[in-house]
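A short reminder: the numbers here are calculations on the coordinates, not readings from a lab. Because the structure is a prediction, the values reported are computed rather than measured. All Cβ positions, even for glycine, are placed from backbone atoms using ideal geometry, and neighbour counts span all protein chains on display.
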């Protein structure tokens, strides 16, 4: 048959859609719902993953880490005795190759404030170098980043709230009294009280937080700095770190020596970055302040070097030139035995597990929707083909081959699928527009679960555009719709032509 | 030239485990240009004969040759192509495609034959003109009377100029006046185009028009006469 003939058969199939407009429309709507939901969910997951990945690289890890192999094996236990010295030549090699490097000593401990205690992971960082690899040092909610050589801490905002250090943004009246009590004179007290007012008159929020006050939104940086100074002078920012220093015995026996250590320090800043990992139970302090007996007796050792390409864009994920292999190659013979380079994905098992879990569960749900749509189309086509048994017999009598009969019905089903797909793509894109531009605010949920839910997003869950998937979902839905007509049409062809012609 | 030749044509049906013989060894030949009727009472096997000759069903025994080709050796696809190219059908219930206009229904066989769209439209228009429906090409079947629909069905059978047109009780659903008009039309086309027509019928009027009449009874040829 010629192309024109195929076109005529397709035109006939299209007209057949008008026989039962309501049924066709309902079936197309089912396809549209599946396609639009798929586009929405895929865009949402993609957006969450893209933001999470960018935030992991920009705020948490960098592109790669250099660590002792023994440390990497037990990295979740933070085995500080697997630290290494002599990192500077490594950093110099990498910097010559165009990388930014930040050394760290990571340890765990308990942080005691005047109001309570909390277990924390403490990253001892090189204040000058850290900001060249990661962006959280400039994500301060209040205060400043610790200064080199001082026993100072910047602490995650959620830990600060729990330990009641820093400047509370939503204190209860009792907490305000406590803050006012820190004032050294009446003028300071009036200043402190003047910075807080009633919480916004949001009805839902008012019901939930009837007794909460709020920091005035117009408070200037100078006012906040003064409040910090007043609270700091009252001892609110003074904390004590209780930790255990694990060191390998110098006799070569491999024994681990444990030394209990208490470190008095001051909280000078509160971190609130787009990555919840920096805002939870984590603190940052200067690496150089922990070198001697007053600190951790590090003796120049670090547990890891963070690596990122110098001048890399925060919007871009690490490319091939930032892979573990590329960093390893840049280090060449400078990389001593026992040290390894690992890419950023090797450190985010929790995120990968959450992401994969969501991908699988969401796709299963959408697949079920597709199956339901498929059943809907199959049912519509089954009824349509059964109703047209006599007509099918006539078409076969006219000389239509089995293939042409099947093709005619499949085109008809594909048209339903295509209409549904086009509508679904339009609806999915319309939903995606505000989701990409504004996203959904999940900050309350993130706060409730301490930011520990795998994804590295603190507030806005934004979608992303995924054009190949948008197009593909329409194509797949149309193809599945066409396939739904295959079995009913083959069934119709099993009936002899004479029986089809007699069918009533 | 023999357009149709059957030899010992038999057809058995199994009905609730009982075998019923609809045809029991019918041997007939139809020459090009014949205007023949296969008649008989209900259950005599006339429609079965027409279906076997039209390659719509396979015989239990015997053979059918269309223009010298034994159809038993043909595949499903080849049978479809044979129907497409050589045989036109006119049915009692017209069997037009309801979503297509009269002109589109008529041009459908040409579309299947791969005739270019413009030529198919032009030929369909001519075929409708021949059956007296030149003005009704755009109407859908439900907008036409029974007689008009049967004329469209005749135009559809005729448009590809087949060697053979098989008409299964073509006047059964029509009043006698319209039935006569349809028969007159088919006779005129038979004369002008030389197309072979074979009817199945139990209508005396159709038998009256047929130049050759084959009477079947209980699946066998009872009598045969030619005028």
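Structure values in brief
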| item | result |
| --- | --- |
| Shielding by other protein chains, B:104-113, mean Cβ within 10 Å | 5 |
| Antiparallel DSSP beta bridges within region A:63-344, percent to nearest 5 | 80 percent |
| Length-normalised contact order for region A:63-344 - Cα pairs under 8 Å, 6+ apart - percent | 37 percent |
| Extension gain (nm, one decimal) between residue A:361 and residue A:487, 0.36 nm per residue minus Cα-Cα | 42.4 nm |
| Residue A:18 versus residue A:438: modelled label distance in nm, points set 7 Å from Cα along the beta carbon direction | 4.1 nm |
| Sequence ranges A:143-152, B:158-167, A:304-313, A:325-334, ranked by mean other-Cβ count within 10 angstrom, highest first | B:158-167, A:304-313, A:143-152, A:325-334 |
| DSSP-defined antiparallel bridges as percent of all bridges, chain B, nearest 5 | 55 percent |
| Inter-chain Cβ neighbour average for residues A:487-499, partner chain, 10 Å | 2 |
| Coarse-grained scattering of region B:26-114 at q = 0.12 Å⁻¹, given as base-10 log I(q)/I(0) from a Debye sum over alpha-carbon atoms | -0.46 |
| Cα→Cβ-extended label distance, 7 Å offset, between residue A:256 and residue A:383, nm | 6.9 nm |
| Fewest-first sequence of A:12, A:285 by Cβ atoms within 10 Å of each Cβ | A:12, A:285 |
| Approximate spin-label separation residue A:222-residue B:29, in nm, with each point projected 7 Å along Cα-to-Cβ | 12.0 nm |
| Computed [θ] at 222 nm, deg cm²/dmol, chain B (DSSP H ≥ 4; -39,500 (n - 2.57); rounded to nearest 500) | -11000 deg cm²/dmol |
| Size of region A:63-344 as Cα extents on the principal axes (Å, biggest first) | 64, 44, 31 |
| A:282, A:436 arranged by Cβ crowding within 10 Å, fewest neighbours leading | A:436, A:282 |
| Cβ-Cβ FRET estimate between residue A:193 and residue A:78, R0 fixed at 45 Å, reported to 0.05 | 0.60 |
| Linear extension gain, residue A:7 paired with residue A:313, 0.36 nm per residue minus alpha-carbon span | 105.0 nm |
| Virtual paramagnetic centre 7 Å along Cα→Cβ of residue A:172, amide N under 14 Å, in region A:179-201 | A:179 |
| Chain lengthening between residue B:70 and residue B:21 when straightened (0.36 nm per residue, less Cα-Cα) | 15.4 nm |
| Computed [θ] at 222 nm, helices only, for chain A once each DSSP H run of length n ≥ 4 contributes -39500 (n - 2.57) | -15500 deg cm²/dmol |
| For peptides B:141-148, A:223-230, A:154-161, sequence by mean Cβ density within 10 Å, most packed first | A:154-161, A:223-230, B:141-148 |
| Percent antiparallel among DSSP beta bridges (both partners in chain A, rounded to 5) | 85 percent |
| Cα radius of gyration and Dmax for the protein assembly as shown (Å) | 43.4, 134 |
| When the convex hull of its Cα atoms is projected in every direction, mean area for region B:2-226 (nm²) | 12.3 nm² |
| Computed Rg/Rh of region A:41-123, alpha carbon atoms with Kirkwood Rh | 1.08 |
| Estimated FRET transfer efficiency when R0 is 30 angstrom, pair residue B:188-residue B:1 (beta carbons, to 0.05) | 0.85 |
| Exposure proxy ranking, count of Cβ atoms within 10 Å, fewest first, for B:2, A:212 | B:2, A:212 |
| Normalised contact order of region B:1-82, rounded percent, pairs of Cα under 8 Å and 6 or more residues apart | 37 percent |
| Within 10 Å of each Cβ in A:8-15, the average number of Cβ atoms from other chains | 4 |
